1. Name the residues in region 234-264 that are away from ligand 2 (no atom under 14 Å from the Cβ), out of contact with any Ser or Thr (no Cβ under 8 Å at 6 or more places or on another chain) and under 28 Å from GLU16 (Cβ atoms), would you?
2. Please enumerate the residues belonging to region 114-132 that are surrounded by fewer than 16 Cβ atoms within 10 Å (Cβ to Cβ) and of a type outside the set (D, E, K, R).
3. Being part of a helix (DSSP H, G or I), of a type in the set (S, T, N, Q) and within 16 Å of SER262 (Cα to Cα) is the filter here, so list the residues in region 305-363 that pass it.
4. Only one of VAL21, VAL75, VAL70, VAL35 is of a type in the set (Val, Ile, Thr) and touching a Phe, Trp or Tyr at 6+ places or on another chain (Cβ under 6 Å); which?
5. Just to verify a result, which residue in region 218-257, among those that are crowded, with 16+ Cβ neighbours inside 10 Å and either assigned to a loop (DSSP other than H, G, I, E, B) or among the hydroxyl-bearing types (Ser, Thr, Tyr) (or both), is farthest from ligand 1 (Cβ to nearest atom)?
6. May I ask you to say which residue of GLU286, GLU328 is within 15 Å of the chain's Cα centre (by Cα), acidic (Asp, Glu) and buried (at least 18 other Cβ atoms within 10 Å of the Cβ)?
7. Out of region 43-90, which residues are outside any helix (DSSP H, G or I) and over 29 Å from ALA273 (Cβ atoms)?
8. Can we say PRO267 is out of contact with any Leu (no Cβ under 6 Å at 6 or more places or on another chain) and either within 14 Å of LEU132 (Cβ to Cβ) or within 16 Å of ligand 2 (Cβ to nearest atom) (or both)?
Amino acid sequence: ATHKLLLLPGDGIGTEIMAEVEKIIDFLGSQDSSVTFEVERDLVGGAAYDAHGEAITDAAMAKADAADAVIFGAVGGQKWDDVPYEHRPEAGLLRLRKDLDLFANLRPAICYPALADASSLKRSLVEGLDILIVRELTGGTYFGEPKEIVDLADGEQRGVDTTVYTTREIDRVVRVALDLAKVRTNKLHMAAKWNVMKTGVLWQKVTTATHKAYAPDVELNLILADNCAMQLIRNPRQFDVIVTDNLFGDILSDEAAMMTGSLGMLPSASLGAPDGSTGRRKALYEPVHGSAPDISGQGLANPIAMIASFAMALRYSFGMGQQADAIEQAIAKVLDSGLRTADIMQDGKTKVGTEQMGTAILQE
Ligand code: NAI
Ligand code: MG
């Protein structure tokens, strides 16, 4: 099979951590003659602004559209703090999300045993934790109209946000979550507030119907979103895949992230609709962290979030789950062996830089 990749390293540590992913791509391509990676590269963020005067060019967007997966580093930095708003580095990422219609945001919370003591929860609760939160990314409270601040009499004001979901928007993200559950442990939770919200009633209705029609073999659990927040702290390992709306997903995914240690460890993916002819979904994979200007250019960045994001691309875009597992196991082993970048350094461990960490993972 031929897999088309677009690499967008971006700014700051983005280029440093992307170099470690490129090593893994080269290795996988050389290992298995039946797998070919067609790799394109382009600029995004401040780097693209410096070269072309915009945060992503139409040419780069065309490459993203043609790619099976976009691998994105990070964008931003002080240098571009004063560029016109529409050209700020983040505009490149926002255009990718919008034009590719990436409506499903996947945020795993994996707790590597070697880092369990850095979790906000007790080791006994989080050791071996592997949760995947699927957050609807393009609808709901953050986008619904009206969205306004209205002047009332006597200087009073009223702020309005509107939570809107259509059956189609819910159905398509629930399908993503069901697909993911099938390649994981076949278990899905849907978190909503059907007790107090009309959109919650619709989420409950559509999820139940889509599950029945599309993947009745997956174990489906409906859970109130506030109870879900509580259960995540009480007993996180009861969850595997959790699908939820934009607002609840924002909060629940940040909550789950704190169970895993450092920002430098957190990967993510954003998926769109399946292509009519190939069935492949548009997809962008990126670390949760930003361009870390405070440590960039020094070879200090932790490449694990970026490498784990690439592992997600293998699993969810290319059907290479075994290779994805191998990468995650390699990360776990390297951490067990005591290697640490500065952000996850602990007493008695060995401090290494970006390249040494990447090479160690590749060797495993
Ligand atoms: P940040 O995530 O870049 O950094 C926050 C802190 O975590 C810093 O101390 C940094 O050194 C550390 N850190 C982050 N990733 C790390 C890694 N892989 N290894 C080791 N340490 C790591 O967030 P910050 O400082 O708020 O923003 C910096 C720039 O990044 C800004 O221009 C911001 O707009 C941009 N940004 C871009 C994002 C993206 O490209 N998706 C997301 C968040 C911020
Ligand atoms: Mg958030």
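1. Passing the criteria: only SER262.
2. The answer is SER120, SER124, GLY128.
3. Correct list: SER309, THR354.
4. Unique residue meeting the criteria: VAL21.
5. Ranking the qualifying residues of region 218-257, first place goes to VAL218.
6. The match here is GLU286.
7. Listed by number, the residues that qualify are GLY53, GLY77, ASP81, ASP82, VAL83, PRO84.
8. Yes, satisfied.
The values are calculated or read from the model by the stated rules, or taken from the named source; none is laboratory data. These numbers were taken from a predicted model, which means no experiment stands behind them. Positions of Cβ are backbone-derived with ideal geometry, glycine not excepted, and every protein chain shown enters the neighbour counts.
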